[in-house]
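Report on the structure given below.
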Amino acid sequence: MECCPYFKDLSKRSLIASVQSAGVLEHLKTLEKCAKKLASEQLEAQHKAQVLEQEKTLLERLRSKRDALRTRVTAQSAGSLLDILAETRTVSVPLLDKVDVSAMLLKGRVKTLQHILDAYNLAGVSVKVREPSSTFSFCISTAYEGIYLDSYYLDIHTKHPRKIIQHNIPAFIPLEQTARKYLQNDLKQFMDVLRDALNAYASRRYQVEQLQVHHHTSLTGQVQRNAAYNLLKFQYPIQCGDMHHDVQVKLVYEDPACYLPTEVTLTCTAEDSESMRTKLESHQQLFQNMELHRVFNSLKMQQETVVSSSCLSAVHRSASPSSH
């Protein structure tokens, strides 16, 4: 027996409604699940933000405490340092006795001193500890373009007030003036200034020696100089036209640490002529910007120097029959 069409239609509608209702419920469940997950993530993010803020606050407090402790510890003795450690009651710091702390402080000071000594050795200054242990012997080695020249020594008592016990620094080096300015507050600066002055002196002396050895035939007479080699006077002949003229040279080195002259004066009896003035100006530039012996290397290359008359006379005398 066939079912009534009305009931068939009603049954279909009920089935569709049931299916739709099930889909909506499933969708609602999904949405609810997403909402719970989102709420959980938001709570977790809020918690992390709160923890991060607390950690930032703690970090700032610890940094402030560290800076305060560092300031207190800097100049403290071993006993005072123990008192500070006891006040902090930090779990990560083991209990130390005064011997341990003194050893730690001494080790740190030795390491710092070793770094300073290494830096000095690289800069041409070597250091040795003498008895008593607060006295150090400094050796300053001078050199010019890789050529070792001389060494100078001074013993310094390094405990404040620092003082120079003995030395072999030349009298014209401004040792006392440099010591008054730097020795008590900056030992490294004191050694640097002293080393620069000694190297400059050694360089000036070396230049004069090289000039006299390799260019003596280009000089009229000897080089006049003082002990510090910061005032030099000499003459050399040059050719201008058909005539030979002697040029008088005066070089002044005002700065103790300079190896090139700060003042150059050239004079000549024939400087009224335009060609001579031009030559003298050119030579003056060379003396101001080049080492002394290299100036004459350059002049020889330009063929602007001649053999001095005194050297020619000496050659003639040695070749004459009366000399045999």
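The values are calculated or read from the model by the stated rules, or taken from the named source; none is laboratory data. These figures come from a predicted structure and were not determined experimentally. Please note: Cβ atoms are built from the backbone with ideal geometry, for glycine as well, and neighbour counts cover all protein chains shown. These area figures cover heavy atoms from the full protein model, side chains too; ligands, DNA and RNA do not enter into them. Shrake-Rupley method; radii C 1.70, N 1.55, O 1.52, S 1.80 Å.
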>> Cβ contacts < 6 Å: first residue within 13 Å of Lys233 (Cα to Cα), restricted to segment 203-217; second residue assigned to a helix (DSSP H, G or I), any location; separation 6+ or different chain. Result?
In response: Leu211/Leu292; Leu211/His293
> touching a His at 6+ places or on another chain (Cβ under 9 Å) and either of a type in the set (S, T, N, Q) or at pLDDT 95 or above (or both): does that describe Gln184?
Replying inline: yes
> Could we say that Thr269 is in contact with a Lys or Arg (Cβ under 7 Å, 6 or more places away or on another chain) and within 23 Å of Gln303 (Cα to Cα) here?
Replying inline: no
> Given the structure, is Gln239 of a type in the set (S, T, N, Q) and open to solvent by 20 Å² or more (accessible area, probe 1.4 Å)?
Replying inline: yes
>> Tally up the residues in segment 154-182 that are open to solvent by 30 Å² or more (accessible area, probe 1.4 Å), closer than 14 Å to Pro256 by Cα and assigned to a helix (DSSP H, G or I), please.
In response: 2
> If you take the residues in segment 183-198 that are of a type outside the set (Asp, Glu) and without any contact (Cβ under 8 Å) to a residue 60 or more places away in the chain, which one is surrounded by the most Cβ atoms within 10 Å (Cβ to Cβ)?
Replying inline: Leu194
> Would you say Leu280 is in contact (Cβ under 8 Å) with a residue 12 or more places away in the chain and open to solvent by 30 Å² or more (accessible area, probe 1.4 Å)?
Replying inline: no
> Among the residues of segment 137-153, how many are open to solvent by less than 30 Å² (accessible area, probe 1.4 Å) and either out of contact with any helix residue (DSSP H, G or I) (no Cβ under 9 Å at 6 or more places or on another chain) or part of a loop (DSSP other than H, G, I, E, B) (or both)?
Replying inline: 3
> Assuming Val247 fulfils every condition listed in (1) at positive phi; (2) free of Cβ contacts under 8 Å to residues at least 40 places away in the same chain apart from one, which condition is it?
Replying inline: (1)
> Would you pick out the residues in segment 242-271 that are open to solvent by 50 Å² or more (accessible area, probe 1.4 Å) and within 17 Å of Glu281 (Cα to Cα)?
Replying inline: Asp246, Gln248, Lys250, Thr262, Glu263, Thr265, Thr267, Thr269, Glu271
>> Quick test of your reading of the structure: Phe287 fulfils all but one of (1) open to solvent by 30 Å² or more (accessible area, probe 1.4 Å); (2) under 30 Å from the mean Cα position of the chain (by Cα); (3) in contact (Cβ under 8 Å) with a residue 24 or more places away in the chain. Name the failing condition by number.
In response: (1)
